[in-house]
Structures are given as structure tokens and as C-alpha cells.
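For reference, the structure is listed below as C-alpha cells.
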There are 2 protein chains.
Amino acid sequence: MTKVYLAGPDVFLPDPVAWLARKQAICAGLGLTGVSPLDDLAHEPAAWAALPLWRRIAVRNEAHIRGCVAVIANLTPFRGPSADVGTVYEVGFARGIGLRVFGYGTVAAPFLDRTVASLAGQGRQAPDGSWWDADGLLIEQFGLSDNLMIEAAIVASGSGVVRQDADRWHDLSVFERCAQQAARVLAGAGGPPP
Amino acid sequence: MTKVYLAGPDVFLPDPVAWLARKQAICAGLGLTGVSPLDDLAHEPAAWAALPLWRRIAVRNEAHIRGCVAVIANLTPFRGPSADVGTVYEVGFARGIGLRVFGYGTVAAPFLDRTVASLAGQGRQAPDGSWWDADGLLIEQFGLSDNLMIEAAIVASGSGVVRQDADRWHDLSVFERCAQQAARVLAGAGGPPP
């Protein structure tokens, strides 16, 4: 089976194991093995037992990603206009080791709109149409889902960010559409991403 | 010279070239070549000219990172309690390709305090001391600077996150302390990070 790592802030839910099991069931229906960050590792180096818990979680997650051919990332805006940074770290890491990356978000509004809204009236639009925050920093305006590094990795992987309004901690239909895209791309993919 | 990539939302400043030139001057004083995302690439593949600007920026940034031995990341909270996601993507990417990662932030308060503050009274502390946001999602509580994936990569690289209150878009003293750490670690490092 084709192993895909399920990245996302979903691990912070009150019952993350049950939630990730639902994602894993959707993956199984598509011929994919969804690897949860909460799964046991097949072979955990003995030295890791001495690490503090937070470092052990990090090296486990990286090891899980290394065992997969792709990542499906929950890029739903998290405590701000952008995706969860832990998830984004894993997207960058996956791209660095040559995996394909897929992503979805349960908010349809584009990054620019979300960012301007998050500034609660403190944003400023210049005569040329560009947007600036209260610190005088430019807001990205490429019509994307989030910061360009993330979307570029996903587009280079053969797909696009799946984005649709949904009840983010209850509805898995947006995840399912993204997993379907991943299954299609991975079925047709002979090698690493371009 | 030892090349280090200067990751950060600093590129969104009104005059990012001048600002990054200041960082590059600090690096030069420490025997490091600071590579700015805004530097020209030595050899840009001709095919990239056909890409939309945002994708071209992304592949350029990744190429710049590939040409370095380490990343110094500005992890200052950006439009929310966490670091800029574009920067965090680059930290993960760098770690994926085996580089060392260093990081700093110009807010001294730890991640938990910043996150709880950002929830503006909507956070909830359970009797066991754990914190939960308004969606019922757990807030990380490891006493770290940001999400554990980021800090774990930096600690594994031989250093820690440098964090101190400073005027974030004017004062480069926190960056300088981080660059000094990077220079020390890189001078003593014979190979890739453990």
C-alpha cells in the first residue's frame, strides 16, 4: 500500500486517535495507508527514550514522514490567518526529502482576505492596490491559499490546495476530496515530483 | 565562506534589501556569508522564466537554501502567536535536506503565554493545568518558543532558540546573538547534524 502521512493540527483535538482513525479509513478506501503521527513507530531507536517528550514526538514525526511517499496536510487556518506551523514544518520537511505534498483547508476565503480580516481594521491598502499590515509589512497578494512556499510545493507535486468552507473539526469531506486527488496523482506517478 | 540562508518575514518590510544587507554585514563580521532570499541566483534554470512569479520565488528560495549549510530563521511571532509560515516551511525544508537550523525571536514570552494571550479570554485551563482553545483544541505546553517541531530541529542542530524582547523591525541585536551562536556551532561542526 502507498503510505501517506496525515499532517495537521488534528492531533490537538480532544480525541485525536478516533479522528485520525476516520481519516485512515477514508485513505484505506482509496488504496492508501494513512500514517498518523500518533501511530507507533515500527522501529524506534533505543536512544530516543532518553529524549524529553517534545523532542521524541518531533523525531518520531520525522521518522513517520520518511516512511511515506507523500503528505496530506490539513492547512486550515489555525489561531491566525495561516496554517498550523507544526504542519507547515512537516510540509517543508517532506518537500526537502523529496515527497509529494497535498493539502486542504476548510475555509474557502483566500489568504489575502483572511489576513486583512485578521488585522481587524489595522490593515492599509495603498493606491497601487497592495495591502500592508499595522507594522508596515506587505501582505502577500498572489491569490493563493496561504504563504507561497506552501502552495508552490503542492502545485509542484501535481495538484492544488483543496479549499472549501466546512465545519472544520467535524466534517472530513474536504480531507476526502484532497485524499482522492492524492490517490489519483500517486497512482499515475512513477517517481519523485518534478 | 560558510553560507547561511537568512529566512524570515523580513522580506515583507518596505525596504527589505537594505534590511537584509544589515543582516549580511553582521554575518560577514562573523565569518559567515548571509544569503538573502532576494539575492540573485548564480544559475537559474531557463525553464523557471515560464513560472508564475510566486512559484519562481519559491523555487529560488529552495535553491538558495540548497546552496547553504545552515539557515538562520527569524521566528518572531507573525500575525498570530506563531512564526511566519513561509519561514517555518523553509526551516522544515532545510532540516529535510540535512542543514543545521538556528532561530531567534524578538518576543521573550513563551509559546503558551503568547497563544493564551492571542485567544483574548477564550482559552480555558482544565483542572490538570492543560490549556484548551475556544474550539476545544489542546495548546502545547512544553515551555518552548513555538511548535515543538521547530524547536526540536534547532536543538538537534546544536543550539537553542534565542528569544528576547526587542523592537522587532529596527533592532538586530537578537539576530546578532543568534548569528554568533550559529558561527560558533558551524566552526566546530565537522559534518551534518546528528
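The values are calculated or read from the model by the stated rules, or taken from the named source; none is laboratory data. All of these numbers come straight from a predicted model, not from anything done at the bench. As a convention, Cβ positions derive from the backbone with ideal geometry for all residues, glycine included, and neighbour counts pool all protein chains shown. Only protein heavy atoms, including side chains, enter the accessible area calculation; ligands, DNA and RNA are left aside. Shrake-Rupley method; radii C 1.70, N 1.55, O 1.52, S 1.80 Å.
Within the range B:89-140, track down each residue that is open to solvent by less than 30 Å² (accessible area, probe 1.4 Å), touching a helix residue (DSSP H, G or I) at 6+ places or on another chain (Cβ under 9 Å), under 23 Å from B:R163 (Cα atoms) and of a type in the set (A, V, I, L, M).
Residues satisfying the conditions are B:V91, B:A94, B:L99, B:V101, B:I139.
Can you pull out every residue in the range B:1-30 that is open to solvent by 60 Å² or more (accessible area, probe 1.4 Å) and of a type in the set (K, R)?
B:K3, B:R22
Go through A:A73, A:A83 for me and flag whichever is within 10 Å of chain B (Cβ to nearest Cβ) and buried (at least 24 other Cβ atoms within 10 Å of the Cβ). Reasoning before the result, please.
Details: A:A73 fails: within 10 Å of chain B (Cβ to nearest Cβ).
Just a single option satisfies the conditions, and that option is A:A83.
Just wondering, is there one or more residues in the range B:32-39 that are open to solvent by less than 40 Å² (accessible area, probe 1.4 Å) and under 15 Å from A:L138 (Cβ atoms)?
To start, the set of residues in the range B:32-39 that are open to solvent by less than 40 Å² (accessible area, probe 1.4 Å) comprises B:32, B:34-37.
Checking the rest, the ones that are also under 15 Å from A:L138 (Cβ atoms) come to B:37.
Within the range B:32-39, one or more residues are open to solvent by less than 40 Å² (accessible area, probe 1.4 Å) and under 15 Å from A:L138 (Cβ atoms).
With the requirement that a residue be in contact (Cβ under 8 Å) with a residue 60 or more places away in the chain and over 15 Å from the mean Cα position of the chain (by Cα), what does the range A:32-88 give you?
A:L32, A:G67
What's the number of the condition A:N61 fails, among (1) within 12 Å of chain B (Cβ to nearest Cβ); (2) at pLDDT below 95?
(2)
Counting only residues that are under 22 Å from A:A83 (Cβ atoms) and out of contact with any strand residue (DSSP E or B) (no Cβ under 8 Å at 6 or more places or on another chain), which one in the range A:18-38 is nearest to the other protein chains (Cβ to nearest Cβ)?
Looking only at the range A:18-38, we keep the residues that are under 22 Å from A:A83 (Cβ atoms), and these are A:19-20, A:22-24, A:26-27, A:32, A:34-38.
After this cut, where a residue has to be out of contact with any strand residue (DSSP E or B) (no Cβ under 8 Å at 6 or more places or on another chain) as well, the list is A:19, A:22, A:38.
Details: A:W19: 11, A:R22: 16, A:L38: 13 Å.
It comes out as A:W19.
Of the numbered conditions (1) over 26 Å from B:C68 (Cβ atoms); (2) open to solvent by 20 Å² or more (accessible area, probe 1.4 Å), A:R55 fails exactly one; give the number of that condition.
For A:R55, the failing item is (1).
So that you can scan it fast, the table gives a plain yes or no per residue for (1) assigned to a helix (DSSP H, G or I); (2) at pLDDT below 95; (3) within 19 Å of B:V88 (Cβ to Cβ); (4) of a type in the set (S, T, Y):
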position: B:E151; (1), (2), (3), (4): yes, no, yes, no
position: B:V155; (1), (2), (3), (4): yes, no, yes, no
position: B:A166; (1), (2), (3), (4): no, no, no, no
position: B:H170; (1), (2), (3), (4): no, yes, no, no
position: B:E176; (1), (2), (3), (4): yes, no, no, no
position: B:A182; (1), (2), (3), (4): yes, no, yes, no
position: B:V185; (1), (2), (3), (4): yes, no, no, no
position: B:P192; (1), (2), (3), (4): no, yes, no, no
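Those residues that are of a type in the set (S, T, N, Q) and either part of a strand (DSSP E or B) or within 10 Å of chain A (Cβ to nearest Cβ) (or both), I need them from the range B:86-128; list them, please. So that I can check it myself, show each step before the final result.
Going through the range B:86-128, the residues of a type in the set (S, T, N, Q) turn out to be B:87, B:106, B:115, B:118, B:122, B:125.
Passing the criteria: B:T87, B:T115, B:S118, B:Q125.
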